[in-house]
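Engineer: Structure in structure tokens, see below.
The values are calculated or read from the model by the stated rules, or taken from the named source; none is laboratory data. Treat the numbers as computed from the prediction; the structure is a model and nothing was measured. Don't worry about glycine lacking a Cβ; one is built from the backbone with ideal geometry, like all the others, and counts go over all protein chains shown.
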Amino acid sequence: MTKKQRKSGKKKTSAFVDNGFEKQPAVLAHIKGSLDDTASVEHIKHDEEQEDYSVKKKKSHFIIGLFVLIMAVVGIISSISAISKAIGSLADDASFKNELAKYVFPLVVNDAPAFDKIEDMPESAIISCAVWNILLNSDLSQYETEGDNVIIPKVDVEYNINKLFGSSAKYEHQTVGDLFLQFEYIPEKNSYSAPKKPRYMLYSPYIDSVEVVGETYTVTVGYIPPSLVMLHEEVNTQPEAEKYMVFTISITNERKTIKALTYSEKNKELSLD
């Protein structure tokens with residue numbers, strides 16, 4: 001200190017602050033501290049804004065997700081409703097009923113026995129229905145003939161068995177039929193001999209009703225004797241069925257498979273009449 005300072009009793013105040021390393025002006029240190037405090041506040045504020053934005057974003061995503069889910073459910077319900085209406089319309093369609101009548105005709109004309117599953121159906125009936133399907137629905141000109149009979153390769157019979165009953169049907173090739181109508185199996189030719197124009201036909205089918213659950217079609221079929229068919233065709237009226245049977249048919253991608261054949265409750269009405 002100078003003599004003058006000692007006399008006045010005043011100390012010189014330093015304009016610098018020792019920060020441990022070097023002296024900084026006190027004003028700058030004060031400003032720096034203020035800036036540091038401001039940066040901390042802004043940082044906190046920025047974090048709060050980010051958190052608030054994140055919450056809003058999550059809420060927004062939840063609302064959008066919920067909306068998409070609701071629309072998907074509505075779409076599914078609408079699709080199911082449309083499909084149900086389409087199936088109902090299909091079941092009532094005359095051309096579809098004619099298609100079903102043609103499909104079940106081999107079992108109706110043969111008066112196939114009732115069965116709850118294909119394993120219960122007699123092998124002779126399985127083969128007979130397949131031969132009938134060829135005679136009714138195939139071009140017979142492709143086959144060799146012997147007199148009034150047509151020679152049908154067994155592979156074609158096997159194909160038609162699969163077409164009617166699916167691949168689970170079990171059978172052994174054999175002669176089937178009775179005294180009135182017979183389909184003879186000829187082992188040396190691996191073929192069947194059958195009349196080209198069978199005169200013995202028990203019934204013709206009439207589709208009474210069709211019920212649909214998923215891919216399962218429950219088809220009630222009236223069995224019409226040939227004489228009644230001819231009689232009612234002349235007067236253009238619907239013939240009365242002699243009996244009713246219920247066909248359970250699986251239809252997937254337009255492929256049909258007969259799963260069961262049972263008696264209909266409508267037969268009780270016939271017995272009352």
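Engineer: Please list, ordered by first then second residue, the pairs with beta carbon atoms under 8 Å, 6 or more apart or interchain, first in the range 244-273 and farther than 14 Å from residue 212 by Cα, second loosely packed, with under 14 Cβ neighbours inside 10 Å and of a type in the set (Phe, Trp, Tyr).
Structural biologist: Once the first residue is farther than 14 Å from residue 212 by Cα and sits in the range 244-273, its partners that are loosely packed, with under 14 Cβ neighbours inside 10 Å and of a type in the set (Phe, Trp, Tyr) give 244/263; 245/263.
Engineer: Here is a list of conditions, (1) aliphatic (A, V, I, L, M); (2) in the same structural domain as residue 246 (by TED's automatic domain parsing); (3) touching a helix residue (DSSP H, G or I) at 6+ places or on another chain (Cβ under 9 Å), and residue 161 meets all of them except one; can you say which number that is?
Structural biologist: (2)
Engineer: Condition (residue is out of contact with any His (no Cβ under 6 Å at 6 or more places or on another chain) and farther than 26 Å from residue 246 by Cα) applied to the range 162-173: is it met by at least one residue? Steps first, please.
Structural biologist: Step one: of the range 162-173, the residues out of contact with any His (no Cβ under 6 Å at 6 or more places or on another chain) are 162-173.
When the remaining residues are screened for being farther than 26 Å from residue 246 by Cα, the result is 172-173.
Yes, the range 162-173 contains at least one residue that is out of contact with any His (no Cβ under 6 Å at 6 or more places or on another chain) and farther than 26 Å from residue 246 by Cα.
Engineer: Of the numbered conditions (1) modelled with pLDDT under 95; (2) polar (S, T, N, Q); (3) under 22 Å from residue 142 (Cα atoms), residue 238 satisfies every one except a single condition; which is it?
Structural biologist: (3)
Engineer: Out of all the residues in the range 182-191, is one or more closer than 27 Å to residue 240 by Cβ and β-branched (Val, Ile, Thr)?
Structural biologist: no
Engineer: Taking the range 170-189 only, how many residues are surrounded by 15 or more Cβ atoms within 10 Å (Cβ to Cβ), at pLDDT 95 or above and assigned to a loop (DSSP other than H, G, I, E, B)?
Structural biologist: Total meeting the criteria: 2.
Engineer: Do you know which residues across the range 129-154 are touching a Leu at 6+ places or on another chain (Cβ under 9 Å) and closer than 13 Å to residue 105 by Cβ?
Structural biologist: 129, 130, 132, 133, 134, listed by residue number.
Engineer: In the set 200, 192, which member is among the aromatic types (Phe, Trp, Tyr) and either in a loop (DSSP other than H, G, I, E, B) or modelled with pLDDT under 90 (or both)?
Structural biologist: Values: 192 fails: either in a loop (DSSP other than H, G, I, E, B) or modelled with pLDDT under 90 (or both).
None of the others qualify; the one that does is 200.
Engineer: Now for a separate question. State the number of residues belonging to the range 147-169 that are loosely packed, with under 11 Cβ neighbours inside 10 Å and either modelled with pLDDT of 95 or more or more than 17 Å from residue 191 (Cα to Cα) (or both).
Structural biologist: 2
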